Amino acid sequence: MLRTALAATLILVSLPLAAEEARKPVLGDDGLHKAPWMQDTFKVLREDLEEAESEGRRLLLMIEQRGCIYCTKMHEEVFVVPEIDRMLAEDFYVVQLNMFGDVEVTDFDGEVLSEKDAVRKWGAMFTPTLIFLPEHAADVPEDASAADAAVVTMPGAFGKSTTAHLLKWVLEKGYAGEEPFQKYHAQMLEEQGGTD
């Protein structure tokens with residue numbers, strides 16, 4: 001009886017740990033972190049945005065590169081925070097791009113180019129860079145690039161609070177209002193009584 005109770009306790013304790021382990025990112029063959037909430041698409045951005053819209057989610061392009069210590073920090077310390085992980089999985093449609101990759105990308109303007117050429121075209125210089133697109137595909141003009149269409153671009157690694165607040169601010173469409181993200185973030189930190 002004691003063994004059965006002990007075994008049941010070990011199973012109950014190990015289940016959350018196994019679930020947490022399953023959520024951790026792994027390195028793919030391309031050297032980039034792969035998270036369960038990333039979408040495997042043909043990288044036709046207008047189609048990706050239409051798919052995100054049909055699922056009630058926001059398209060997020062995540063530019064990373066092999067060996068990026070800041071990408072590792074985000075994946076191992078920030079994106080795994082339960083609230084952030086949940087938002088990325090449920091509220092965003094995340095498409096990863098390799099800053100130096102050769103996979104074809106079809107930009108919103110119809111131009112087909114490699115990931116590295118798309119990243120160069122958009123002027124992204126840092127990894128990670130998060131590019132948030134409009135809620136609706138109809139809001140992206142036919143001649144717009146992803147950089148032109150972006151409602152928010154976040155270059156670089158940030159702390160847990162900053163990242164969580166940015167995701168919420170995008171979901172609340174704060175970029176369409178008059179309150180800049182910095183004020184929103186400061187107010188959220190004050191309300192939470194903490195720092196990033």
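In segment 108-133, of all residues being more than 26 Å from residue 163 (Cα to Cα) and charged (D, E, K, R), the one that is surrounded by the fewest Cβ atoms within 10 Å (Cβ to Cβ) corresponds to 111. Within the set 92, 100, the sole residue that is farther than 13 Å from residue 45 by Cβ, of a type in the set (Phe, Trp, Tyr) and touching a strand residue (DSSP E or B) at 6+ places or on another chain (Cβ under 8 Å) turns out to be 92.
Could you check segment 167-193 and list, in sequence order, the residues that are closer than 17 Å to residue 131 by Cα, in a helix (DSSP H, G or I) and of a type in the set (Lys, Arg)? If the condition is that a residue be closer than 17 Å to residue 131 by Cα, in a helix (DSSP H, G or I) and of a type in the set (Lys, Arg), then 168 is the only one that fits.
Residues of segment 146-161 that are surrounded by 18 or more Cβ atoms within 10 Å (Cβ to Cβ) and assigned to a loop (DSSP other than H, G, I, E, B): 150, 157, 158.
If we scan segment 76-84, do we find a residue that is modelled with pLDDT of 95 or more, part of a helix (DSSP H, G or I) and touching a strand residue (DSSP E or B) at 6+ places or on another chain (Cβ under 7 Å)? No, segment 76-84 contains no residue that is modelled with pLDDT of 95 or more, part of a helix (DSSP H, G or I) and touching a strand residue (DSSP E or B) at 6+ places or on another chain (Cβ under 7 Å). In the set 144, 150, 118, 124, only one residue is over 20 Å from residue 32 (Cβ atoms), among the small types (Gly, Ala, Ser) and touching a strand residue (DSSP E or B) at 6+ places or on another chain (Cβ under 9 Å); that residue is 150. Could you say whether any residue in segment 167-190 is under 21 Å from residue 65 (Cβ atoms) and touching a residue at least 60 places away in the same chain (Cβ under 8 Å)? Scanning segment 167-190 turns up no residue that is under 21 Å from residue 65 (Cβ atoms) and touching a residue at least 60 places away in the same chain (Cβ under 8 Å). Cβ separations smaller than 7 Å between residues 6+ apart or across chains give the following pairs from segment 24-44 residues that are at positive phi to residues that are of a type in the set (D, E, K, R) and not in a loop (DSSP other than H, G, I, E, B): 43/104.
Checked against the criterion of being touching a residue at least 24 places away in the same chain (Cβ under 8 Å), part of a helix (DSSP H, G or I) and not polar (S, T, N, Q), segment 91-113 contains not a single residue that satisfies it. Looking at 60, 88, which one is assigned to a helix (DSSP H, G or I) and of a type in the set (A, V, I, L, M)? Going through 60, 88 in turn, just one is assigned to a helix (DSSP H, G or I) and of a type in the set (A, V, I, L, M): 88. Checking 176, 149, 157 one by one, the residue that is under 15 Å from the mean Cα position of the chain (by Cα) and on the phi < 0 side of the Ramachandran plot is 157 and no other.
The values are calculated or read from the model by the stated rules, or taken from the named source; none is laboratory data. These numbers come from a predicted model, not from an experiment. Cβ sites come from the backbone with ideal geometry, for glycine too, and all protein chains shown count toward neighbours.
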